[in-house]
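Below is one structure, written out as C-alpha cells, with a few remarks after it.
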Amino acid sequence: MSSWQPTVDWFKRGLRMHDHAPLTEAASRGPVLCLQVTEPGLWSQPDTAAQHFGFVQESLDDLAQALQARGVRLYRITGELPEALERLHASVPFGHLVSHEETGNAFTYRRDRTVAQWCHKRDVVWTEHAQFGVVRR
C-alpha cells in the first residue's frame, strides 16, 4: 500500500467548490483526489432527462476548470458504484471517502447503501456531509 493516501472527495450533485464541505474536510486531511462518477444506471432512471444530463456535464466542466486553477484534477469515471470505487482503489489506495449525503431517489439510496458496504469491507471511512436540512436516515 502506498504511503501517499489521498482522501477521495466524491462529487455527487453538489458540483461547486466554493461551499463544498467535503472538499474542505478532504483538504484538511492532506492530499485530495476529486472524483465524479457518471452512473449509467442513475441516468436511466425515469426521473432523469437529457437536459439535466447536459447541465450536469457543463457544471462538471466548470468544476474541473475551477479545480485545475488550484492545481487539483477532477477524475471523471463512467461506471456503476462501487465498481468504479474498486477500480480507483486498486490504482490509488485510499482510506477515506467524503461526499455530500444524497437525498435523491430509491436508486441513489440503494447505491449509497452498497457504497457503505464496500467501504466497510475495505476499511475505508466514508463521511457524508448534509447539504441542507433534509436528512435521509
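Between Trp4 and Gln117, the FRET efficiency from the beta-carbon distance, with R0 = 25 Å, is close to 0.45. Once the chain from His52 to Thr127 is taken as fully extended at 0.36 nm per residue, the excess over their C-alpha distance is 24.3 nm.
Here the chain exposes an accessible surface that is 53 percent carbon and sulfur, computed with a 1.4 Å probe and the other protein chains kept in place.
Summing Cβ point charges (Lys, Arg +1; Asp, Glu -1) relative to the Cα centre of the chain gives a dipole of roughly 260 debye.
Taking square-rooted eigenvalues a ≥ b ≥ c of the alpha carbon gyration tensor, is region 64-137 rounded, prolate or oblate, where a/c under 1.5 means rounded and, failing that, a/b exceeding b/c means prolate? In terms of gyration-tensor shape, oblate. Solvent-accessible surface of the chain, averaged per residue with a 1.4 angstrom probe and all protein chains in place: 56 square angstrom.
The values are calculated or read from the model by the stated rules, or taken from the named source; none is laboratory data. None of these values were measured; they are calculated from a predicted model. Glycine also receives a Cβ, built like all others from the backbone with ideal geometry; neighbour counts cover every protein chain displayed. Note: accessible area is taken over every heavy atom of the protein model, side chains too, but ligands, DNA and RNA are not part of it. Shrake-Rupley method; radii C 1.70, N 1.55, O 1.52, S 1.80 Å.
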